[in-house]
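Step one of this worksheet: look at the structure below.
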Amino acid sequence: MKAEHINPFITECQSMFQEVAGIPLKVAGTTLKQSPTSNKNVVIMLGVTGDLRGNVAINIDEEGVKYIASQMMGGMPVVELDEMTKSAISELGNMIMGRVCTAFSTKGTFIDITPPSLLTGDNIQLTFSQLPLLSITFKHENIEVEFDISIHAK
């Protein structure tokens with residue numbers, strides 16, 4: 001994967017978390033993953049089509065999801081992973097990837113995304129079109145978000 005294919009994901013993830021939830025995420029590290037197992041129990045999965053193809057997974061633990069959803073809803077307490085909370089976090093994934101699409105289009109690379117799929121549970125096994133995949137870890141206080149990217153040029 002090329003840096004110019006990764007930077008929009010970093011920039012737009014940080015931007016959307018700040019704008020929509022008031023959460024200033026910082027990059028805590030990047031790794032190449034050989035296994036697509038999520039160590040979080042909530043995953044937002046989106047497909048990428050167009051000039052680039054592949055998959056993106058946003059991995060967050062349940063407590064982090066509840067905090068993020070609360071922040072998105074103006075601080076309203078969120079105590080469970082209910083339908084509203086799931087909808088909010090799925091939409092955040094959709095907004096991030098929508099911004100990624102726009103960022104790529106300004107550079108002449110045109111991509112589209114599939115609707116988000118939300119997965120919950122322990123030891124979630126994901127299937128990516130290619131391995132290894134790049135995993136970017138973002139942190140803010142006690143929240144950790146892993147952004148797994150497996151994309152390749154068409």
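Any read-out appearing in this document is the output of simple, stated calculations on the displayed coordinates, not a laboratory observation. Here the structure is a predicted model, which is why all the values come from computation and not from measurement. Positions of Cβ are generated from backbone atoms using ideal geometry, with glycine treated the same way; all protein chains shown enter the neighbour counts.
Write out the chymotrypsin sites (Phe, Trp or Tyr not before Pro) in the stretch 43-127 meeting two conditions: DSSP loop, and at most 11 other Cβ atoms within 10 Å of their Cβ. Counting only loop positions with at most 11 other Cβ atoms within 10 Å, none of the chymotrypsin sites (Phe, Trp or Tyr not before Pro) in the stretch 43-127 qualifies. Across the stretch 141-154, rounded Karplus estimates of 3J(HN,Hα) from the backbone phi angles (6.51 cos²θ - 1.76 cosθ + 1.60, θ = phi - 60°) give 6, 9, 9, 10, 10, 9, 10, 8, 10, 10, 10, 8, 5, 5 Hz, Gly and Pro being marked x. Between Glu63 and Lys154, the FRET efficiency estimated from the beta carbon spacing at R0 = 30 angstrom works out to 0.20. For the chain, the Kirkwood estimate of the hydrodynamic radius, built from every pair of different alpha carbons, is 15.4 Å. For the stretch 86-98, backbone phi angles converted through the Karplus equation (6.51, -1.76, 1.60; θ = phi - 60°) give residue-by-residue couplings of 4, 5, 4, 6, 5, 5, 4, x, 4, 5, 4, 5, x Hz, Gly and Pro being listed as x. Could you work out how far helix 62-72 tilts from the main Cα principal axis of the chain, as a 0 to 90 degree angle to the nearest 10? Here the helix axis deviates by roughly 90 degrees.
Computed from the C-beta positions of Glu83 and Thr109, the FRET efficiency with R₀ = 22 Å rounds to 0.05.
Averaging the Cα positions of each part gives two centres, and for the stretch 96-154 and the stretch 26-93 these lie 9 Å apart.
The packing ranking of peptides 32-39, 91-98, highest mean first, is 91-98, 32-39, where packing means the average number of other beta carbon atoms within 10 angstrom of each residue.
Close Lys pairs in the stretch 3-153, defined as Cα atoms under 17 Å apart and 8 or more places apart or on different chains, number 6.
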